[in-house]
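Below is one structure; the comments refer to it alone.
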Amino acid sequence: MTPDLATRYLGLDLRSPIVASSTPMTGDPATCRLLEDAGAGAVVLPSLFEEEILNEEIELNRSLDAGTEQFGEALSYFPTYDTFKGTGDRYLARLEKTKGLCSIPVIASLNAATPGGWVRYARLMQDAGADALELNLYHVVADPSMTGAEREATDLELIAAVHAAVSIPVAVKLSPYYSALAGFAAGAVAAGADGLVLFNRFYQPDLDLETFDVVNKVALSHPSELRLPLRWIAILRPQLGAGVGLAATSGIHSGADVVKALLVGADVAMTASAVLRGGPEQVRAIREDLVAWMAEREYESVAQMRGSASAAQVADPTAFERANYMATLHSWSTPQDLATS
Ligand SMILES: Cc1cc2nc3c(=O)[nH]c(=O)nc-3n(C[C@H](O)[C@H](O)[C@H](O)COP(=O)(O)O)c2cc1C
């Protein structure tokens, strides 16, 4: 019997726990359809960045003003506000098109720069048909006068404001760099988050030694990066309860990775790098791996296996906490470890 892969995430019924994470690939509606055909349970669109919209508006104003000052006929060949399709409009049009092509849930992703922007674009995404929203909280707090508590309070206010502004479910994609993550996670849920996506990957800048320029280049992930979300989902699942959606992201490359995420308590496993490398068909390969693993161990459903290795279930819950620091360091024993590290 083929195991039942159905899962529930953010109150949405998904036919599979494998979700295509937010990348440029999911920005193309036809590719989203291929991801659906390959077995994805949902797709998360790339983030709409409010800065892009603001920069574009500044540029548009500049070009319109410059044109009208210099040429009388400029108004006829520069775009007007009505005809100009900016980043925001294009995003919403692609979202609508994706909804038209796909029957799986389509989750829109937002990274705004201002409190008003979070609320405004969240509403527009809902109106364009998004089944849920993923708020991409990505900051590098470099202001020495800002405390962690202040930053967290601002984030919680944003979550509450978006939650109040829309009726679709809201997930929050977090960074792992909160000093007291469990407390922040509980705060996010109290502020109205229906789920958490763990974790955003921070892309660290490099330096070009010839030009001294900062080089920003995305490096795809390695499966070992899954260990951080695994630990935190295992800890948070019993704390937050079954009603809160938990998504694992970072290092989901194979069916075995999806199994691990589900066992510690994730509702879904999101994959980006593996699909960017292998194309939409990679989802099919991951799905087949997952089904084979479950069938071999006679699991009948995802529901049956989810959370069976969370901190509430394992014999030693501290294995996910500080106790395993010492044990892990002491586990280094032989030169063979070099080969597998
Ligand atoms: C090229 C690229 C673009 C991405 N764009 C976004 C984005 O717009 N919004 C977002 O929340 N995450 C974005 N991500 C992060 C992924 O959704 C995912 O969380 C991260 O890559 C970890 O998953 P992985 O290990 O499967 O790659 C992007 C990742 C890559 C590689």
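Rank these residues by their accessible area, most exposed first, probe 1.4 Å: 177, 91, 299.
Output order, biggest surface exposure first: 177, 299, 91.
Amide H neighbours of residue 172 under 5 Å, at least 5 residues apart or on other chains, H built in the peptide plane: list them.
135, 195, 196, 197
May I have the extent of the alpha carbons of region 226-282 along their three principal axes, as whole Å values ordered from largest to smallest?
Cα spread of region 226-282 along its principal axes, largest to smallest: 36, 20, 14 Å.
How would 139, 253 rank on accessible area, largest to smallest, probe 1.4 Å?
The ranking, largest first, comes out as 139, 253.
Obtain the radius of gyration and the Kirkwood radius of region 231-320 from its C-alpha atoms and give Rg over Rh. Mind showing how you got there, number by number?
Values: Rg = 13.3 Å, Rh = 13.5 Å.
Expressed as Rg/Rh, it is 0.99.
Probe radius 1.4 Å, ligands and nucleic acids ignored: give me the carbon and sulfur share of the accessible area of region 91-237 as a rounded percent.
Answer for region 91-237: carbon and sulfur cover 57 percent of the accessible area.
Place a point 7 Å from the Cα of residue 304 along the Cα-to-Cβ direction; which residues of region 1-45 have their backbone N under 13 Å from it?
Label zone hits: 1-6.
Per residue of region 191-202, what does 6.51 cos²θ - 1.76 cosθ + 1.60 with θ = phi - 60° give for ³J(HN,Hα)? Whole Hz please, x for Gly and Pro, Karplus curve as stated.
Karplus values, whole Hz, x for Gly and Pro: 7, x, 5, 8, x, 10, 10, 10, 9, 5, 9, 8.
Give me the percent of DSSP beta bridges within region 97-222 that run antiparallel, rounded to the nearest 5.
15 percent
So for the chain, taking the charge dipole from beta-carbon charges (+1 Lys/Arg, -1 Asp/Glu), which of 154, 312, 7 sits furthest toward the positive end?
312
Nearest 500 deg cm²/dmol is fine: what mean residue ellipticity at 222 nm does the chain get from its DSSP H runs of n ≥ 4 alone, each adding -39,500 (n - 2.57), divided by its residue count?
-13500 deg cm²/dmol
Write down the percent of antiparallel bridges among all DSSP beta bridges whose residues are both part of the chain, to the nearest 5.
Close to 15 percent.
What number, in percent, do you get for the relative contact order of the chain if the mean sequence gap of Cα pairs under 8 Å and at least 6 apart is divided by its residue count?
RCO, the chain: 19 percent.
Which semi-axis lengths, in whole Å and largest first, follow from the square roots of five times the eigenvalues of the Cα gyration tensor of the chain? Write out the running numbers ahead of the final one.
On the way: eigenvalues 276, 117, 87 Å².
So the equivalent ellipsoid measures 37, 24, 21 Å along its semi-axes.
State log₁₀ I(q)/I(0) for region 127-233 at q = 0.20 Å⁻¹ as given by the Debye formula over alpha-carbon point scatterers of equal weight, solvent excluded.
The Cα Debye sum returns log10 ratios of -1.12.
Where the only charges are on Cβ atoms (+1 Lys, Arg; -1 Asp, Glu), what is the dipole of the chain about its Cα centre, to the nearest 20 debye?
For the chain, the charge dipole is close to 1000 debye.
So what is the accessible area of the chain per residue, in Å², with the probe set to 1.4 Å?
Accessible area per residue: 50 Å².
What is the packing order of peptides 4-12, 206-214, taking the mean over residues of other C-beta atoms within 10 Å and listing the highest first? Provide the component values of the computation, followed by the final result.
On the way: 4-12: 19.2, 206-214: 8.9.
Going from most to least packed, we get 4-12, 206-214.
Where nothing but the Cβ of Lys and Arg (+1) and of Asp and Glu (-1) is charged, how large is the charge dipole of region 147-301 around its Cα centre, in debye to the nearest 20?
260 debye
Which residues in region 105-145 have a backbone N closer than 12 Å to a point placed 7 Å from the Cα of residue 57 along the Cα-to-Cβ line?
Only 113-118, 120-121 fall inside the zone, counting backbone N under 12 Å.
Relative contact order for region 1-55 using alpha-carbon pairs under 8 Å, separation at least 6, rounded to a whole percent?
32 percent
Which whole-Hz couplings ³J(HN,Hα) result when phi for each residue of region 162-178 is put into the Karplus expression 6.51 cos²θ - 1.76 cosθ + 1.60, θ = phi - 60°, listed in order with x for Gly and Pro?
Working through the residues one at a time gives 5, 4, 6, 8, 10, 10, 7, x, 10, 10, 10, 8, 9, 8, x, 8, 7 Hz.
The values are calculated or read from the model by the stated rules, or taken from the named source; none is laboratory data. Predicted, not measured: the structure shown is a model, and the values here were computed from it. Counting neighbours? That spans all protein chains shown, and the Cβs are built from the backbone with ideal geometry, glycine included. Surface accessibility is based on the protein's heavy atoms, side chains included, excluding ligands, DNA and RNA. Shrake-Rupley method; radii C 1.70, N 1.55, O 1.52, S 1.80 Å.
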